[in-house]
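Shown next, in structure tokens, is the structure this report addresses.
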Amino acid sequence: MGTEELIRNPARGAVTNDGDSHAGPLAFHRKLPGYEPTPLVAAPSIASALGVHRVLVKVESSRLGLPAFKMLGASWATYRSLVARLGAEPEWETLDELRVAVAPLGKLTLAAATDGNHGRAVARMAKLLGYASHIFVPDDMVAARIDAIRSEGAEVTIVHGTYDDAVATSAAAAGDTTLVISDTSWPGYTEPPGWVIDGYATIFAEVDDALGGVEVDAVFLPTGVGAFAAAGVAHYRSSGSATRLVSVEPSDADCVLESIRAGVMTEVPGPHRSCMVGLNCGNASLIAWPRLQVGLDFCVAIDDHRAEDAMRRLAAEGIVAGETGSAALAGAFGVMAMGGSAEVGLDADSDVLVIATEGATDPVNYQRVVGRTPEDHHHTLHKNTEFLKFGKVILNLILEKHFWHAVMMGQQL
């Protein structure tokens, strides 16, 4: 393992991108079968342990029928790729109508490299559209995740080496009838990964809606190649928000942290063996990097024991999150353990948002770490959703907090 570390981004500045384009992806996602906003859950015991006012957890353990957030990016990137081939935006309202609209493209295969969730999402999208799928995985992927991808009807190729090796193999599969829907980019291949980033904007649009426009003070973003973190940057920086953004990576796969430190994209060679498998990436995405370089405030690298501790803390709140899904919260506790709370600006008045990006995608390991099966926790989740059930009350409390803070500081509202 590498070294746990917290660094401030010396290049933090104005974000020069097209802004947060959530309207298109959100409207698209609302047309997909099973769409509904995922819960935003208050976690009071975790807030107390961190010494902050409130911790809000965006729970992505069930998103469009899959146990992770990845379907948001995979579905939007697939759709935009098909539209690009069609040459025009089709008119459709239902999935059946979309299938008819893309039928002139003929039989296609959707391909991707994955550490688990993205590949399954691409395979699910292929199945929904009546296409084949071919997913490339590193050779250390656990059987449960491979089985889950195959359950979507995908052909799975196990690549000897790391996730980055699987990415290179998938890139070579592209052709006239094979569309590569990757969440990372490389020279000459940037559009689909950019659409993946855009697709993730739906998460932040839902958070804003639940909060009624009130800003949180800090957001912890689990970071692999950086696509999801880039979506967070686009959302918060496009509006000039002062919300502090913190990337979270495994200590032996901290390519974004090392790139921020060096000021240029920097590879962290494998093997990457963290239990936070969705973050085991040695290279940042080429298209995500410019946003991350100027948009992140801090980067934190953590060891596996923090992810496992976060899994247990979330379970105590009735929230099921796997190793990667617990990484954002683990990063917050890592900052505290490294004595960085004051530097990041976490105090008794802070509202903190963490994104729990996946459920228990490895049920055997989840039970080993938490001591209970994922199913044992599902019936308790509703007890911890007071933020949704009593949204107006909590919003008033947040507004009141900001009001009295402004009064104490002599500000005018």
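The values are calculated or read from the model by the stated rules, or taken from the named source; none is laboratory data. Every value quoted in this text rests on a predicted model; they were computed, and no experiment measured them. Cβ coordinates were reconstructed from backbone atoms using ideal geometry, including for glycine residues, and neighbour counts include every protein chain displayed.
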Quiz prompt | Of all residues in segment 279-306 being part of a loop (DSSP other than H, G, I, E, B) and among the charged types (D, E, K, R), the one that is farthest from Ser247 (Cα to Cα) | solution = Asp303
Practice problem: List every residue pair whose Cβ atoms sit under 9 Å apart, with the two residues 6 or more apart in sequence or on different chains, where the first one lies in segment 79-96 and is farther than 22 Å from Tyr200 by Cα and the second, anywhere, is part of a loop (DSSP other than H, G, I, E, B) and at pLDDT 95 or above. | Solution: Arg85/Leu108
Exercise. Look at Gly188 and say whether it is without any contact (Cβ under 8 Å) to a residue 40 or more places away in the chain, surrounded by fewer than 21 Cβ atoms within 10 Å (Cβ to Cβ) and farther than 21 Å from Asp351 by Cα.
Key: yes
Quiz item: Residues in segment 159-182: is at least one in contact (Cβ under 8 Å) with a residue 60 or more places away in the chain, within 15 Å of the chain's Cα centre (by Cα) and buried (at least 19 other Cβ atoms within 10 Å of the Cβ)?
Solution: yes
Quiz item: Which of the residues spanning segment 269-278 are in contact (Cβ under 8 Å) with a residue 40 or more places away in the chain and part of a loop (DSSP other than H, G, I, E, B)?
Solution: Gly270, Pro271, His272, Arg273, Ser274, Cys275, Met276
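Given the criterion touching a strand residue (DSSP E or B) at 6+ places or on another chain (Cβ under 9 Å), crowded, with 24+ Cβ neighbours inside 10 Å and either part of a loop (DSSP other than H, G, I, E, B) or assigned by TED's automatic domain parsing to the domain that holds Asp347 (or both), identify the matching residue among Glu206, Glu249.
Testing whether each residue is touching a strand residue (DSSP E or B) at 6+ places or on another chain (Cβ under 9 Å), crowded, with 24+ Cβ neighbours inside 10 Å and either part of a loop (DSSP other than H, G, I, E, B) or assigned by TED's automatic domain parsing to the domain that holds Asp347 (or both) leaves just Glu249.
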Quiz item: Inside segment 240-266, can you point out the residues that are out of contact with any Asp or Glu (no Cβ under 6 Å at 6 or more places or on another chain), touching a residue at least 24 places away in the same chain (Cβ under 8 Å) and of a type in the set (D, E, K, R)?
Solution: Glu249, Asp252, Asp254, Arg261
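Would you pick out the residues in segment 307-325 that are assigned to a helix (DSSP H, G or I) and in contact (Cβ under 8 Å) with a residue 60 or more places away in the chain?
Of everything in segment 307-325, those that are assigned to a helix (DSSP H, G or I) and in contact (Cβ under 8 Å) with a residue 60 or more places away in the chain turn out to be Glu308, Arg313, Leu314, Ala315, Ala316.
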Practice problem: Those residues that are buried (at least 24 other Cβ atoms within 10 Å of the Cβ), in contact (Cβ under 8 Å) with a residue 60 or more places away in the chain and touching a Ser or Thr at 6+ places or on another chain (Cβ under 9 Å), I need them from segment 56-66; list them, please. | Solution: Val59, Glu60, Ser61
Quiz item: Considering only segment 74-107, how many residues are crowded, with 22+ Cβ neighbours inside 10 Å and either more than 17 Å from Ala27 (Cα to Cα) or among the aromatic types (Phe, Trp, Tyr) (or both)?
Solution: 2
Exercise. Taking Asp147 as meeting all but one of (1) over 30 Å from His272 (Cα atoms); (2) without any contact (Cβ under 8 Å) to a residue 40 or more places away in the chain, write down the number of the exception.
Key: (1)
Exercise. Could you check Leu353 against (1) under 20 Å from Val233 (Cα atoms); (2) in a loop (DSSP other than H, G, I, E, B) and say which number it fails?
Key: (2)
Quiz prompt | Given (1) surrounded by 17 or more Cβ atoms within 10 Å (Cβ to Cβ); (2) not in a strand (DSSP E or B), number of the condition Ser48 does not satisfy | solution = (1)
Quiz item: Condition test on Leu211, is it out of contact with any Lys or Arg (no Cβ under 6 Å at 6 or more places or on another chain) and surrounded by fewer than 21 Cβ atoms within 10 Å (Cβ to Cβ)?
Solution: yes
Quiz prompt | In segment 51-67, the residues that are assigned to a strand (DSSP E or B) and over 16 Å from Leu314 (Cα atoms) | solution = Arg63, Leu66
Quiz item: Looking at segment 132-147, which of its residues are crowded, with 23+ Cβ neighbours inside 10 Å and under 10 Å from Arg120 (Cα atoms)?
Solution: Ser133, Ile135
